[in-house]
Amino acid sequence: MTSETITAHTSGTRLLGDLPVRRVGLGAMRLTGSAAFHLGTASDRERSLAVLRRAVELGVNHIDTAAFYFSSLRSANELIAGALAPYADDLVIATKVGPFRDWSGEWGTSARPEDLRGHVEENLRQLGRDHLDLVYLRRMRQDSVTEHFGALAELRDAGLIRHLGLSGVEPRHLAEAEAIAPVVSVQNRYGLGFHDPATDELLRICGERDIAFVPFYAIAGETGPAGADAPDGELLAVAAAHGASPAQVRIAWTLHQGPHVLVIPGTGNPAHLVENVAAGALRLTDDELARLDAGRRGDEHRD
């Protein structure tokens, strides 16, 4: 496939609440460096800014970020503001709260419900906005999300947040949250190389309830943020048949899981950005999907 000529429009459009976004978006974590959760080598600032601007040129209008995405010299939110403010009317910026790091980069314990206003306001300051389009509550081992989600619902009522989502949850947590306020999106780890029965159930429930499902690490397989696993034979064969990369097939497979599914592959590499966006145009056949699914089921049996 000729990636350079393909834009995010080919992936289709999906609503996040009342906000239309292309189904291929951009995750901002890797913009700060190769390991955004550590204070190692920072990214090249001009290159990261160029990735963001190029993403918008390619039709991406959904960017996923967080105030705790920072490395030694770079903050994802600062990069987004520096590259894209003043923001286009159709640009949707989603962020998440719950986890937090101090300014030395060390992780704190999970935020208390009363801390969440400060987390929301920090994202507003860094992004230079008066309200946040979408805020996910990232669950951090809490048995219940009721108090934390209730605190965010109050901030939504106050006009600081437009829409609410959940991240890192099970079906029961979605039910808890929906009893408090509308949930427009769920963000869990999910992909061709990773399987979790609770997340599979969430995927199904979200489809039935017309809730967007936005997986993270969709390219990475079992290794998570470390990068993609070595691709298996079926994945390589499907990629070769389309003149695509294994990462593009992983993205396409994810999008084929339902019209309510979005992807937010992260990269600080301009060439990888173009490839990721182009994956939205990749149409897999029923036979190819069945072969990839069979391999995924085989992985489950080996666990």
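Odds and ends about this structure:
- Residue within segment 85-107 that is hydroxyl-bearing (Ser, Thr, Tyr) and more than 28 Å from Pro182 (Cβ to Cβ) present: yes
- Residue within segment 11-30 that is in contact with a helix residue (DSSP H, G or I) (Cβ under 9 Å, 6 or more places away or on another chain), touching a residue at least 40 places away in the same chain (Cβ under 8 Å), under 28 Å from Trp103 (Cβ atoms) and among the hydroxyl-bearing types (Ser, Thr, Tyr) present: no
- Failed item, numbered, when His195 is tested on (1) over 16 Å from the mean Cα position of the chain (by Cα); (2) under 24 Å from Pro265 (Cβ atoms); (3) crowded, with 18+ Cβ neighbours inside 10 Å: (3)
- In segment 169-188, of all residues being out of contact with any helix residue (DSSP H, G or I) (no Cβ under 7 Å at 6 or more places or on another chain) and assigned to a strand (DSSP E or B), the one that is nearest to Ala151 (Cα to Cα) corresponds to Ser185.
- Remark: pairs (first residue in segment 161-188, closer than 21 Å to Glu121 by Cα; second residue part of a strand (DSSP E or B) and of a type in the set (Lys, Arg); Cβ separation under 9 Å; 6+ apart in sequence or on different chains) = Gly165/Lys96; Leu166/Arg138; Ser167/Lys96; Ser167/Arg138.
- Residues of segment 42-70 satisfying the condition of being more than 14 Å from the chain's Cα centre (by Cα) and hydroxyl-bearing (Ser, Thr, Tyr): Ser43, Ser48
- Filter pass, Arg101 being over 23 Å from Pro20 (Cβ atoms), of a type outside the set (Asp, Glu) and in contact with a Gly (Cβ under 7 Å, 6 or more places away or on another chain): yes
- Selection status of Arg162, among the basic types (Lys, Arg), modelled with pLDDT of 95 or more and either in a loop (DSSP other than H, G, I, E, B) or within 21 Å of His260 (Cβ to Cβ) (or both): yes
- Scoring Gly82 on the criteria (1) at pLDDT 95 or above; (2) closer than 21 Å to Pro215 by Cα leaves a single failure, condition (2).
- Identity of the residue in segment 248-280, touching a Phe, Trp or Tyr at 6+ places or on another chain (Cβ under 9 Å) and of a type in the set (Gly, Ala, Ser), that ends up nearest to Asp210 (Cα to Cα): Gly258
- Residues of segment 70-91 satisfying the condition of being among the polar types (S, T, N, Q) and surrounded by 20 or more Cβ atoms within 10 Å (Cβ to Cβ): Ser71, Ser75, Asn77
- Residue that is in contact with a His (Cβ under 7 Å, 6 or more places away or on another chain), buried (at least 23 other Cβ atoms within 10 Å of the Cβ) and of a type in the set (Gly, Ala, Ser), where the choices are Gly25, Gly17: Gly25
- Residue, nearest to Arg139 (Cα to Cα), within segment 82-123, restricted to residues that are of a type in the set (S, T, N, Q) and in contact with a Ser or Thr (Cβ under 7 Å, 6 or more places away or on another chain): Thr95
- Reported count of residues in segment 256-294, each being buried (at least 20 other Cβ atoms within 10 Å of the Cβ), more than 17 Å from Ala244 (Cβ to Cβ) and of a type in the set (A, V, I, L, M, F, W, C), is 3.
- Neighbours by Cβ (under 6 Å, 6+ apart or cross-chain): first from segment 95-118, touching a residue at least 12 places away in the same chain (Cβ under 8 Å); second in a helix (DSSP H, G or I) and of a type in the set (D, E, K, R): Pro113/Glu147
The values are calculated or read from the model by the stated rules, or taken from the named source; none is laboratory data. None of the values given here were measured: they were computed from a predicted structure. Cβ atoms come from the backbone with ideal geometry, glycine included; neighbour counts cover every protein chain shown.
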